[in-house]
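Scroll down for the structure; my scribbles are underneath it.
The values are calculated or read from the model by the stated rules, or taken from the named source; none is laboratory data. If you're wondering where the values come from, they're calculated on a predicted model, not measured in any experiment. With ideal geometry, Cβ positions are generated from the backbone for all residues, glycine too; neighbour counts draw on all protein chains shown.
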Amino acid sequence: MSSTPVRYNFRETEAKWRKVWDERQTFRARMDKARPKYYVLEMFPYPSGRIHMGHVRNYTQGDVIARYKRARGFNVLHPMGWDAFGLPAENAALEKKVHPKKWTYENIATMKKQLQSMGLSLDWSRELASCDPSYYRHQQKMFLDFWKAGLAYRKEAWVNWDPVDNTVLANEQVIEGKGWRTGAPVERRKLTQWNLKITHFADELLERLGTLDRWPEKVRLMQANWIGKSQGARVFWQLTDASGADRGKLEIFTTRPDTLYGATFAALSAEHPIVADLAENDLGLQRFVAESRKTGTAAAEIETAEKIGYKLPLLAKHPLVPGKTLPVYAANFVLMEYGTGAIFGCPGHDERDHEFATKYGLPIIPVVMPEGADPASFSVAAEPFVEDGIIINSDFLNGLSVEDAKARVIARLEEMGVGKGTTQYRLRDWLVSRQRYWGSPIPVIHCAKCGIVPVPEKDLPVELPEDVDFDKPGNPLDRHPTWKHVSCPQCGGPAQRETDTLDTFIDSSWYFDRFTSPNLATAPFDREEHDYWMPVDQYIGGVEHAILHLLYSRFWTRAMREVQMTSLDEPFDGLFTQGMVCHETYRAADGSWLLPEEVERTPSDKGGGGNVVRVSDKSPVEVGRSEKMSKSKKNVVDPDQIIHDYGADTARWFMLSDSPPERDLEWTEAGVTGAWRFQQRLFRIASEAIGELPPVGTPKPATFPEAATALRRAAHKAIAGVSADIEAFHFNKAVARLYELASTIDQVKPEDDATRWAKREALEIFVRLAGPMTPHLAEELWQTLGHKSLLADSPWPLAEDALLVDDTVTVAVQLNGKLRGTLQLPKDSPKDEAEKAALALPELARGLDGKAPKRVIVVPNRIVNVVV
RNA sequence: GCGGGCGUGGUGGAAUUGGUAGACACGCGAGAUUUAGGUUCUCGUGCCGCAAGGCGUGGGGGUUCAAGUCCCUCCGCCCGCACCA
């Protein structure tokens, strides 16, 4: 139309619409019982400094859902807050001499501004930060309530100890068995710490997974495995020393009581009380125990460490075989935290036991063999047989299946009084004490006379003192001159505050509850608001939280139910786990990592890749494979820069196109410019068309020419398709449909009023469908099309059913399963007609070469397969 | 070690219940227009082959008229493992 090119000024336009939404409080959520609610939540960010592309992806996805559900008439709650306590703030304090509070709030300010530049439909009036005493006072109160309800208790637990810094280390701070700052070999120490009784709900947490049908199957599976319910038996073994004198009983838990006859040794955890006892008079054993403690507390470390054992001066009497005794070891691969801290080793049917038995020359007896194997020749000497099979070499169990044998042997053990069938969980109670400053104080007081006393409710919150120093490692609360010294609330005598703080997973276990009434001072939430908004209808976040955060939140919800705060069972009705954002890595000749902006691609002489060189001196750069964006490898792209250069809509559009949201996304410059060009194209299509379109509200013509009907079909099919795609989180497919619709619209050059009407209809549909993804541009185009209302307040378009079905279908014709041609047939043609049409196809006749078909398979509307 | 996942053109990825593999996009090639602050438009583009045709969804095997999809087996990569959040 016009010879002057139309350009979309995204900077001005995006700012304009954000201001309008903000001023009109478009996204403010208010309880309204007359309307159905929809609670969309993305995992709140840790304020690490600046937002990264992972945030952009996460919040874009959530915003698509939030805007879509608003358009569909839901009363949407879409809040944002800050997971503001945590280790990095203390690290910053140590390294940069900034107070954790200052560092955290500065980061929040920066990141809030960044998030706001994305044009997210958030209700910022509900913003919260978990480090704010007005937030954590409620979790202190809840902690005390849980304690009173018997859900919190103290017990000894191991921590990683740095002997140089005299401080407790997080698993993350232990690198190859050494302290991250000191390099000193890490030791394990025992401390008395607070735990929450998550195991009290183990069975319910497992059972209710089955009802979470809007959760990814893999997350439910991971949680089920984590809870790890297993049926097994506790077996009591009589211990003796070499002379046969009674040395007490040993209790062993096993999930494989059916292999009891294959037991050739017993092994105790290095932390088992019996081992501790024996070690008192055994230097070698002391050394062994000390050696075992050098492994950190992480399960992966313990289980990959070389299996070593120490033979104890004990024998265990086999409970079913008179006269048979087993050697007893202390072993580093037996976990004190699981079962009874002791196992019997059946090397024939367990990988770890096999490795151990081979190493220490212990006998290996097969007691299960595959069905149909020959018992005389079946051997497990080379490797254990861990699958289901038939029991052998096991007295009264011979010939039974594994399952039947388990039941029979448990019955026998119970009869004899030497064992008991039990259910065991892998899940351990939640250890919530942290020896750190930047967390919510545990509101208890230690009194020499009264013991552990809760801080009275009127004294809550227990606030963190701000005058702390980070000159030394360790917990500044512990060495604060005055903070911990208080008088006992019960007896008034001198007492001390608990200086441990709560695990930050607690902060994130109820923030979604708090969002329902974030400004209420007297309680964590208003019951009516909570009942209205909860549960979260759609929760979105990284799969790295699949187990811990989500399980702890499910627990916390139940704990609140236990103390009558809610009647809610599950906090998250729907869950979606998004993939990571990745980028190529670049290395200079000297091996140092380079930022993407420090390298460039030189065009090659004839097409194809080209070389990658350093911008500064054109030296060659080694290109590594794409990995998760991380500061350490410098393969990061700053969202701020992208939003400044291309606009928020481009960043959002790129995040949604191409990659399925649950999979990893590869960030590429080409992809961004592609998204940018499409924004420009859309603006041009709409701007150029506007002059020829009928005004808003022009009545629908009675009839349409064929081309107009085709356009209307495309548009209405897009409504159905995009809606279904958004509901199913297939944003990349929704984007592809919008590309198609845009091309279709652009190609229609109307020459009559009905087609002009259809083009306006199609454009309006397009703009409304694109609204959740590229909200600023869509809002601008909505106005360009002549609307006075906000697109953000407009309803989702409705598809006309009649336009969704075609009257002809393309049917594939195959010869022996190989495609020979296609047919256009009326929809739902009878089978014999489809067959007749297929056999008449020249391409088929050529392949058939005069032979008569043996068989013809007809799948209506899909395929005709001729078999000769 | 245990648990979970992923693997389709040069690239990101599409593909109801097994039913035309490669939608859409990037890149690349050819052409047109001509933009000069990131151009735009048309056509082509899985591989081999002049063609007919053949081969193709990480490798190997199987079930089926028909397999990316179901089964077995092997390989590669990624994530979680309780004090990172």
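Each residue in the stretch A:340-353 was checked for being assigned to a loop (DSSP other than H, G, I, E, B) and closer than 20 Å to A:Glu306 by Cα, and 6 of them qualify. For the structure I just gave you, tell me whether A:Val767 is part of a helix (DSSP H, G or I), surrounded by 18 or more Cβ atoms within 10 Å (Cβ to Cβ) and away from RNA strand B (no atom under 14 Å from the Cβ). In short, yes. A Cβ distance below 6 Å, combined with a sequence gap of six or more or placement on separate chains, defines the contacts here; from the stretch A:164-180, residues that are over 17 Å from A:Pro476 (Cα atoms) reach residues that are at pLDDT below 85 and aromatic (Phe, Trp, Tyr) in the pairs A:Gln173/A:Trp180. Being closer than 17 Å to A:Glu207 by Cβ and either touching a residue at least 40 places away in the same chain (Cβ under 8 Å) or under 9 Å from the mean Cα position of the chain (by Cα) (or both) is a property that does not hold for A:Glu528. So, of the residues in the stretch A:744-764 that are part of a helix (DSSP H, G or I), in contact with a helix residue (DSSP H, G or I) (Cβ under 7 Å, 6 or more places away or on another chain) and not hydrophobic (A, V, I, L, M, F, W, C), which turns out to be farthest from RNA strand B (Cβ to nearest atom)? Out of the qualifying residues, it is A:Glu761. Say whether the condition of being more than 16 Å from RNA strand B (Cβ to nearest atom), under 24 Å from A:Lys420 (Cβ atoms), touching a Lys or Arg at 6+ places or on another chain (Cβ under 8 Å) and not in a loop (DSSP other than H, G, I, E, B) is met by at least one residue in the stretch A:241-251. The answer is yes, given that some residue of the stretch A:241-251 is more than 16 Å from RNA strand B (Cβ to nearest atom), under 24 Å from A:Lys420 (Cβ atoms), touching a Lys or Arg at 6+ places or on another chain (Cβ under 8 Å) and not in a loop (DSSP other than H, G, I, E, B).
Among residues of the stretch A:414-440 that are within 16 Å of RNA strand B (Cβ to nearest atom), those with a Cβ under 6 angstrom from a residue that is basic (Lys, Arg), sequence gap 6+ or separate chain, pair up as A:Tyr425/A:Lys229; A:Asp429/A:Lys197.
Out of curiosity, is A:Ala71 of a type in the set (A, V, I, L, M) and over 25 Å from the mean Cα position of the chain (by Cα)? Taking the combined requirement at face value, the residue satisfies it. Taken across the stretch A:609-619, residues that are within 13 Å of RNA strand B (Cβ to nearest atom), surrounded by fewer than 19 Cβ atoms within 10 Å (Cβ to Cβ) and farther than 30 Å from A:Val767 by Cα do occur, with at least one present.
Yes or no: the stretch A:495-507 includes at least one residue that is closer than 27 Å to A:Leu551 by Cβ, touching a residue at least 12 places away in the same chain (Cβ under 8 Å) and either assigned to a strand (DSSP E or B) or away from RNA strand B (no atom under 16 Å from the Cβ) (or both). The answer is yes; a qualifying residue exists. Take A:Tyr310 and decide whether it is buried (at least 19 other Cβ atoms within 10 Å of the Cβ), in a strand (DSSP E or B) and more than 16 Å from RNA strand B (Cβ to nearest atom). Spelling it out, A:Tyr310 is indeed buried (at least 19 other Cβ atoms within 10 Å of the Cβ), in a strand (DSSP E or B) and more than 16 Å from RNA strand B (Cβ to nearest atom). Being surrounded by 19 or more Cβ atoms within 10 Å (Cβ to Cβ) and touching a residue at least 60 places away in the same chain (Cβ under 8 Å) holds for only one residue in A:Ala92, A:Ala71, and it is A:Ala71. Against the criterion of being closer than 27 Å to A:Met560 by Cβ and surrounded by fewer than 19 Cβ atoms within 10 Å (Cβ to Cβ), A:Thr182 does not qualify.
Results for (1) within 16 Å of RNA strand B (Cβ to nearest atom); (2) in a helix (DSSP H, G or I); (3) under 28 Å from A:Ile227 (Cα atoms); (4) more than 44 Å from the chain's Cα centre (by Cα), shown as yes or no for each residue.
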residue	(1), (2), (3), (4)
A:Val289	no, yes, no, no
A:Ala300	yes, yes, yes, no
A:Leu315	no, no, no, yes
A:Pro319	no, no, no, yes
A:Gly323	no, no, no, yes
A:Leu326	no, no, no, yes
A:Phe333	yes, no, yes, no
A:Glu337	yes, no, yes, no
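Scanning the stretch A:147-172 for residues that are within 13 Å of RNA strand B (Cβ to nearest atom) and not acidic (Asp, Glu) yields A:Arg154, A:Lys155, A:Ala157, A:Trp158, A:Val159, A:Asn160, A:Trp161, A:Thr167, A:Val168, A:Leu169, A:Ala170, A:Asn171. Residues in the stretch A:544-566 that are assigned to a loop (DSSP other than H, G, I, E, B) and at pLDDT below 95 were compared, and the one that is nearest to RNA strand B (Cβ to nearest atom) is A:Ile547.
Take residues that are among the aliphatic types (A, V, I, L, M) and tell me which of the strands (runs of 3 or more DSSP E) falling wholly in the stretch A:411-477 contain 1 or more. Strands (runs of 3 or more DSSP E) meeting the threshold: A:444-447, A:451-454.
Conditions tested, residue by residue: (1) under 25 Å from A:Ser394 (Cα atoms); (2) without any contact (Cβ under 8 Å) to a residue 24 or more places away in the chain.
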{"site": "A:Phe265", "(1), (2)": "yes, no"}
{"site": "A:Glu271", "(1), (2)": "no, no"}
{"site": "A:Leu283", "(1), (2)": "no, yes"}
{"site": "A:Ala298", "(1), (2)": "no, no"}
{"site": "A:Glu303", "(1), (2)": "no, no"}
{"site": "A:Ile308", "(1), (2)": "no, no"}
{"site": "A:Lys317", "(1), (2)": "yes, no"}
{"site": "A:Val328", "(1), (2)": "yes, no"}
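Put simply, of A:Trp103, A:Trp147 the only residue that is hydrophobic (A, V, I, L, M, F, W, C) and closer than 16 Å to A:Ser48 by Cβ is A:Trp103.
For every residue, the table says whether it meets (1) within 16 Å of RNA strand B (Cβ to nearest atom); (2) over 26 Å from A:Val581 (Cβ atoms); (3) of a type outside the set (S, T, N, Q).
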position: A:Tyr8; (1), (2), (3): yes, no, yes
position: A:Pro36; (1), (2), (3): no, yes, yes
position: A:Tyr46; (1), (2), (3): yes, no, yes
position: A:Gly49; (1), (2), (3): yes, no, yes
position: A:Asp63; (1), (2), (3): no, no, yes
position: A:Arg72; (1), (2), (3): no, yes, yes
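Considering only residues of the stretch A:441-465 that are touching a Gly at 6+ places or on another chain (Cβ under 9 Å) and among the aliphatic types (A, V, I, L, M), which is nearest to A:Asn475 (Cα to Cα)? Looking at residues that are touching a Gly at 6+ places or on another chain (Cβ under 9 Å) and among the aliphatic types (A, V, I, L, M), I get A:Leu464.
Looking at A:Ala93, A:Ala84 in this structure, which one is modelled with pLDDT under 95, within 16 Å of RNA strand B (Cβ to nearest atom) and in contact with a Pro (Cβ under 9 Å, 6 or more places away or on another chain)? After applying the criteria, what remains is A:Ala93. Note on the stretch A:354-380: residues that are outside any helix (DSSP H, G or I), exposed (fewer than 15 other Cβ atoms within 10 Å of the Cβ) and at pLDDT 85 or above amount to 2.
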